Amino acid sequence: ASIGPHMTAFGERTLGRTGRVVSPLGLGSSYGLPGKDVERAFDRGVSFFLWGSRRRGDFGKGLREVARKDRARATIAIQTYARAAWAMPFSVDSALRALGTDYVDVLCLAWWSTLPPQRIIDRALALQAKGKVRSLMVSCHARPMFESFAGDARYDALMVRYNAAHPGPERDVFPHIGPEAQRPGVVAFTATRWGTLLDPRYTPASEPRPAAGDCYRFALSNPTVDVCLSGPKNGEELDHALDAMDRGPMTEDEIAWMRRVGAHVRTTTKTQPRGGAMALLDRIASWNGPCSSAPRLPPATA
């Protein structure tokens, strides 16, 4: 299946072992993009959608319309933070009802910094056997774990934190992805590093300040990355992201610029109190419960 006439600068790609042809830009639900803009993005060629950590209702309505228009072209992913296996089917069934679909293309086992216990894997595989889930993905902040995840054929895709301030996956993750015919797909997230790459307080005085589209282009300029998640909160931010996709991969000079800014952001924010989205993630990571993510948010390393 084709992703449509747009986003040709980066080109369509297959998301690893899922076998799904996807757009380079993915849309996440957590930041409030209205449903009408979800539909508009689909018409512009966006085909990967993560109804993720925050399943916002209006985004879900838009995604329901997308599924109604062309379910075969839309790749719909959801996340589960379940640490109790019995909780996972409730989360999946709730998503299926809300989105008006019989299955999701990808179920992401979210925020595992160790190998998930067998009970979690077994329940996910059972949902896959029932046809409610087509493929499995795993997200992780502990980069050394990705070598094991990449070599485990049960995972069709990996969700990796990668941006100009956190280029470590180039060393610790991407070399383990494997040959093209057998590789898991790679979805990059936190491309803007929770907004700090866009914050003028952290941009070197001698450098231009990146826009969100620059962050997406940086991630997608790495040939190992299949999809870069974006989190626009309104139609204007979506337009900027779509325009960035039309510009295609960065030049060597642009990549060098992003690396300079990223290194400065990483160094500067190490000395600052964590606020905004990062403080919220710290708080979420501290919660305990059957559906929470027990591991602590990792430090701001490269």
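Structure data summary
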item	result
Listed residues THR224, THR80, PHE10: farthest to the positive end of the dipole of the chain (Cβ charges)	THR80
Solvent-accessible area of VAL21 with every protein chain in place, 1.4 Å probe, in Å² to the nearest 10	40
Average Cα contact separation per residue, the chain, under 8 Å, 6 or more apart, as relative contact order %	21
Cα-based Kirkwood hydrodynamic radius, the range 184-271, one decimal, Å	13.4
Stretchable slack from SER206 to TRP86, in nm (0.36 nm times residue separation minus alpha-carbon distance)	37.9 nm
Given charges at Cβ of Lys, Arg, Asp, Glu: the chain dipole, positive-most of SER94, MET159, LEU50	SER94
The chain: antiparallel DSSP beta bridges as a percent of all, rounded to 5	10
Whole-number D in µm²/s for the range 1-121 (Stokes-Einstein; Kirkwood sum over Cα pairs; 10 °C, 1.306 mPa s)	106
Selected from LEU115, TYR103, GLN128, residue furthest toward positive end of dipole (the range 67-147; charges at beta carbon)	TYR103
Within-15-Å neighbourhood charge of LEU238 [Cβ basis; K, R +1; D, E -1]	-4
Cβ-derived FRET efficiency at R0 25 Å, SER94 paired with ALA126, nearest 0.05	0.90
By accessible area with a 1.4 Å probe, ligands and nucleic acids excluded, highest first: order of HIS240, HIS176, HIS141	HIS240, HIS176, HIS141
In Hz, Karplus ³J(HN,Hα) per residue of the range 101-113 (6.51, -1.76, 1.60; θ = phi - 60°; x = Gly, Pro)	10, 7, 7, 10, 6, 9, 10, 9, 7, 9, 6, 9, 9
Cα pair distances exceeding 17 angstrom across the range 151-219, given as percent	49
Volume per residue of the C-alpha convex hull in the chain, rounded to whole Å³	119
For the range 96-155: rounded, prolate or oblate by the Cα gyration tensor [a/c cutoff 1.5]	prolate
Cα centre as origin, Lys/Arg/Asp/Glu Cβ charges: the chain dipole, Debye	960
Assigned charges on the beta-carbon of Lys, Arg, Asp, Glu; the range 1-101 dipole about Cα centre (debye)	160
Approximate spin-label separation ARG171-ASP43, in nm, with each point projected 7 Å along Cα-to-Cβ	4.7
Mean ellipticity per residue at 222 nm, deg cm²/dmol - from DSSP H runs of n ≥ 4 across the chain, formula -39500 (n - 2.57)	-10500 deg cm²/dmol
Sites ASP102 and SER53, calculated FRET efficiency, Cβ-Cβ separation with R0 22 Å, nearest 0.05	0.40
Where Rh is the Kirkwood radius over Cα pairs, Rg/Rh for the range 94-229	1.03
Contour minus Cα-Cα distance for GLU236 and GLN118 (0.36 nm per residue)	38.1 nm
Label point distance in nm, LYS69-ALA9, each placed 7 Å from Cα along Cα→Cβ	2.2
Per residue solvent-accessible surface (Å²) - the chain, probe of 1.4 Å	42
For the range 60-108, alpha-carbon Rg relative to the globular expectation (2.2 N^0.38 Å, N residues)	1.16
Reference-scaled alpha-carbon Rg (2.2 N^0.38 Å with N residues) for the range 119-195	1.18
Which of ASP243, ASP70, ASP102 is most accessible, then next, and so on - probe 1.4 Å	ASP102, ASP243, ASP70
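The values are calculated or read from the model by the stated rules, or taken from the named source; none is laboratory data. Just so it is clear, the structure is predicted and the values come from calculations on it, not from any experiment. Methodologically, a virtual Cβ is constructed for each residue, glycine included, from the backbone with ideal geometry; neighbour enumeration extends over all protein chains shown. Quick note on the areas: whole protein, heavy atoms, side chains included, nothing else; ligands and nucleic acids left out. Shrake-Rupley method; radii C 1.70, N 1.55, O 1.52, S 1.80 Å.
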